[in-house]
Amino acid sequence: MKLQFNITGYQEATAEVQAAIVTGVRNGVEKLAVRGVGLVQNIAPVASGDLANHVSWKMEGGAERMISALVFAGPPADIYAPAVEEGARPHFPPPGALLLWVKRRFNPSSEKEALSIAFAVAKNIAKRGTAGHHMFNRAGEELESVAQAIVELELAEALMASGHGGKA
């Protein structure tokens, strides 16, 4: 998801007002990133928790005209997050890699039963692949609906804090 905000009059503003604008936009983008992480974590499927627990964010760019944040899956989840997001083509995963998920999903009575279910699931994945969960896309869509309001609020707060806004 990429959002762009244009601030009319930025170039004509004093350096102090420009600094407040940059602070407000940066704070708004940071709030969006934090909210994005929470949304992805709530949407992501959970087996071991590795994916949800390794979703993070970082600010990028420092120039006043390019402030952005990236929400991403960090190691070790970065290896399989794209397949969870977009789905995977048919392949035969190692049944052992599915055991934790099988135990949580099906509650088998023994290790042998768990392995048997994992093998059946692996065969099914080999035939059909897996559907994507689209947790990053869905989180982005939800953020889009509130992004402008969040950035505008942070911008107003930064301007007021610098003594250049109206009264709240």
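The values are calculated or read from the model by the stated rules, or taken from the named source; none is laboratory data. Computed from a predicted structure; not experimentally measured. Every residue, glycine as well, gets a Cβ built from its backbone with ideal geometry; the counts of neighbours run over all protein chains shown. All accessible areas refer to the heavy atoms of the entire protein, side chains included, with ligands and DNA or RNA removed. Shrake-Rupley method; radii C 1.70, N 1.55, O 1.52, S 1.80 Å.
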Inset, instruction - Kindly provide the set of residues from segment 59-72 that are free of Cβ contacts under 8 Å to residues at least 24 places away in the same chain and farther than 13 Å from Arg26 by Cβ, ordered by number. - result: Phe72
Inset, instruction - For segment 1-46, enumerate the residues that are surrounded by fewer than 17 Cβ atoms within 10 Å (Cβ to Cβ) and of a type in the set (Gly, Ala, Ser). - result: Gly9, Ala13, Ala15, Ala19, Gly38
Inset, instruction - Test Phe136 against the criterion of being open to solvent by less than 70 Å² (accessible area, probe 1.4 Å) and aromatic (Phe, Trp, Tyr), and give yes or no. - result: yes
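Condition check ((1) surrounded by 14 or more Cβ atoms within 10 Å (Cβ to Cβ); (2) in contact with a Lys or Arg (Cβ under 6 Å, 6 or more places away or on another chain); (3) not in a loop (DSSP other than H, G, I, E, B)) across all residues:
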residue: Met66; (1), (2), (3): no, no, no
residue: Val84; (1), (2), (3): yes, no, yes
residue: Pro93; (1), (2), (3): yes, no, no
residue: Leu98; (1), (2), (3): yes, no, yes
residue: Lys103; (1), (2), (3): yes, no, yes
residue: Ala114; (1), (2), (3): yes, yes, yes
Inset, instruction - Quickly run through segment 111-154 and pick out the residues that are among the hydrophobic types (A, V, I, L, M, F, W, C), touching a residue at least 24 places away in the same chain (Cβ under 8 Å) and over 30 Å from Val34 (Cα atoms). - result: Phe119, Val121, Ala122, Ile125, Ala126
